[in-house]
Amino acid sequence: MLQKEDVFKILKKAAITDRHFGLFGSDTHRYRLKPAISSRSVRDIEDAYGFTLPEDYFVLSPK
């Protein structure tokens, strides 16, 4: 399983490799993650749809 540090390393390498954002969609996300939603929002979604996400789904945030 990837750790958050691994994800950020991969994104950094991808941004360097594709520095002109030529790959499909990269001109929009630019190899950056948006801020994580709050734990409360995750719980609200889980309650609304009747499922539970693993804890690591909402602890991935930049250092």
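The values are calculated or read from the model by the stated rules, or taken from the named source; none is laboratory data. Keep in mind it's a predicted model, so treat the numbers as computed, not measured. Cβ atoms come from the backbone with ideal geometry, glycine included; neighbour counts cover every protein chain shown. Ligands, DNA and RNA are excluded from the accessible area calculation, which covers all protein heavy atoms including side chains. Shrake-Rupley method; radii C 1.70, N 1.55, O 1.52, S 1.80 Å.
Numbers for the structure displayed
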{"read-out": "Residue match in segment 19-42 (condition: modelled with pLDDT of 85 or more, of a type in the set (A, V, I, L, M, F, W, C) and more than 24 Å from Asp6 (Cβ to Cβ))", "value": "no"}
{"read-out": "Cβ pairs under 7 Å, 6+ apart, first in segment 30-48 and over 25 Å from Ile10 (Cα atoms), second among the basic types (Lys, Arg) and part of a loop (DSSP other than H, G, I, E, B)", "value": "none"}
{"read-out": "Members of segment 1-57 that are of a type in the set (Ser, Thr, Tyr) and not in a helix (DSSP H, G or I)", "value": "Tyr31, Ser38, Thr52"}
{"read-out": "Criterion violated by Thr52 - all others in (1) open to solvent by less than 80 Å² (accessible area, probe 1.4 Å); (2) without any contact (Cβ under 8 Å) to a residue 12 or more places away in the chain satisfied", "value": "(1)"}
{"read-out": "Residue tally, condition under 13 Å from the mean Cα position of the chain (by Cα) and of a type in the set (Ser, Thr, Tyr), over segment 1-30", "value": "0"}
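Conditions (1) open to solvent by 70 Å² or more (accessible area, probe 1.4 Å); (2) within 20 Å of Tyr57 (Cβ to Cβ); (3) in contact with a helix residue (DSSP H, G or I) (Cβ under 9 Å, 6 or more places away or on another chain), marked per residue:
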{"site": "Leu2", "(1), (2), (3)": "yes, yes, yes"}
{"site": "Ile10", "(1), (2), (3)": "yes, yes, no"}
{"site": "Ile16", "(1), (2), (3)": "yes, no, no"}
{"site": "Arg19", "(1), (2), (3)": "yes, no, no"}
{"site": "Thr28", "(1), (2), (3)": "yes, no, no"}
{"site": "Ile37", "(1), (2), (3)": "yes, yes, yes"}
{"site": "Arg40", "(1), (2), (3)": "yes, yes, no"}
